[in-house]
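Contents: one structure, followed by commentary.
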């Protein structure tokens, strides 16, 4: 399993008149987390783009379980559990780990759960292609360490 | 069936370095379309909020089928096919109806398909509640006209 | 003088926990208004880009005078009063023309005033260049009609 | 002088078809930096709001000097040089400190310079008011340390 946890502080501009994070911004959080997960694995997304591969999102499924509020601290955990072929699936959880409305520490609370699928695409032809070896090697290593 | 079609012009700020609409903004388009669908049915969302009811999004599932580009004209069709109880499900399609890269008219092209579920919540108690009569009456009328 | 007025409905995602439009989104409104002003003058921005000219924003000055709220209807008036050389200056006003909190019509209320300067840049060389003739001709015509 | 430097990684969703940060997002960066500057001074903005004070932005002036690109690392420096009365002025600089297109380290490059003015407002009455003592004390301390 490949897994990475990213931390994000909820910003004022991300909150709506209900006082909670507007639902659309969770997709941004998931993007930040994927980006940092890849960087942490030695695979900055920019390098993939420079090698002629783009990774458009093809599918997202997200369930909102509990709202997050202004200035909360979130943890976004991103997992890859299956070796990618043409597509790669990320399994994500967004949790509130610091509740800005409380002065005492709180137990982490699950805010949303999401499945995100991206596709490997050849930037020039616009055609789907298999995951490049740079990606599969990194994942194979991670899978070997944590089955 | 309750159905409404909303038109949106793709803005520069909505497009990413791939030159296409960033996937997260589709959730905004869906929100604009729901809002205008409710207004068109004589039910501005603001009135619902003023009557003490909020409608958080609880679930979204979206498939991206074909990219939209800067300055394209989109049609977002929003349907309700089932009488809501505590939740209401919107069935949505985003199509490109004007392709800004072409000078000739084009056949509409499906860009994304989404299912969005919202919940009726009592703003004071924070508890889920049944759809108010103002909503069910409007939908019953629509269902009577178009089964 | 070249002048154009664009209408925008305030969206939920644009409002913050104070219940008003988050200040950053006014820059988006100004972009929408410039784009539609150019299109209305027969000069879609996409055509400029396709002819190898980009127009980055180089300077913005904005004063927020009165907040706008969710579901308000705004008018964004965009004026060009001076023939552009390498730069073009837009003089903008954002007014609330429908106040969603009131059932009665209201007198328009100025919400913000802004000066936006863009630069004509050759996309290939990245160098500033003079406004293309397509732009100066449209403006000269408008200036002839309304001095 | 009160001064704080905040670091931000440029996100994909923040970049436009020119491949650079869309100009509107700089206002978000400035907000993030102000928030963290206040928190670092022991004054989380959330506490101000809970004490009944809101701080709407009343004026922004920003000059864009050099574009930032996807995955660049930015430093946003925020300074307060004058004791606030009803208004507080922030003097800001956004610099690119890591250029994602280069493998070698680069000298920091100024990307934008901005002046942002906020107003202290009593949340209940909606009236402007003087800066609370919690804010002026923190600034007086900072001014004493660095004149």
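Any read-out appearing in this document is the output of simple, stated calculations on the displayed coordinates, not a laboratory observation. Values in this document were obtained by computation on a predicted structure and should not be read as measured data. Cβ sites come from the backbone with ideal geometry, for glycine too, and all protein chains shown count toward neighbours.
Could you state the angle between the C-alpha long axis of helix B:133-145 and the longest principal axis of the C-alpha atoms of chain B, as a value from 0 to 90 degrees rounded to the nearest 10? The angle comes out at about 60 degrees. The mean number of Cβ atoms from other chains found within 10 Å of a Cβ in peptide A:109-118 is 1, as a whole number. In the frame of its principal axes, segment C:2-145 has Cα extents of 50, 33, 23 Å, reported largest first.
Sorted by packing (mean other beta-carbon atoms within 10 Å per residue), highest first, where do C:2-8, C:103-109, B:21-27 land?
Numbers: C:2-8: 17.4, C:103-109: 9.7, B:21-27: 23.1.
In descending order of packing, they fall as B:21-27, C:2-8, C:103-109.
Seen through its C-alpha gyration tensor, with square-root eigenvalues sorted a ≥ b ≥ c, the protein assembly as shown comes out rounded because a/c lies under 1.5. In this label model, residue D:113 and residue B:134 are separated by 5.2 nm, measuring between points 7 Å along each Cα→Cβ vector. For chain A, adding -39500 (n - 2.57) for each run of n ≥ 4 DSSP H residues and dividing by the number of residues yields -7500 deg cm²/dmol at 222 nm. Between copies, the label points of residue C:109, set 7 Å from Cα on the Cα→Cβ line, lie 3.4, 4.4, 4.4 nm apart, reported in increasing order to one decimal in nanometres. Inter-copy label distances at residue C:5, using a point 7 Å along Cα-to-Cβ, come to 3.0, 4.9, 5.6 nm with the shortest given first.
For the segment D:47-58, counting C-beta atoms of other chains within 10 Å of every residue's C-beta and taking the mean gives 3.
Relative to the longest principal axis of the Cα atoms of chain A, the long axis of helix A:25-40 makes an angle of roughly 50 degrees.
Report, to one decimal in Å, the Kirkwood hydrodynamic radius for segment C:1-76 based on all distinct Cα pairs. Kindly include the intermediate steps, with their values, before the conclusion.
Values: mean 1/r = 0.0713 Å⁻¹.
Mean inverse Cα-Cα distance, inverted, gives 14.0 Å.
Site pair residue B:143 and residue D:98 shows an inter-label distance of 5.5 nm when each label is modelled 7 Å from Cα along Cα→Cβ.
With R₀ fixed at 41 Å, the C-beta to C-beta distance from residue C:82 to residue D:122 puts the FRET efficiency at about 0.50. Where the centroid of each part is defined by its Cα atoms, how far is segment D:124-146 from segment D:1-23 in Å? For segment D:124-146 versus segment D:1-23, the Cα centre distance is 28 Å. Which whole-number percent gives the relative contact order of chain A, counting Cα pairs below 8 Å spaced six or more residues apart? Value for chain A: 29 percent.
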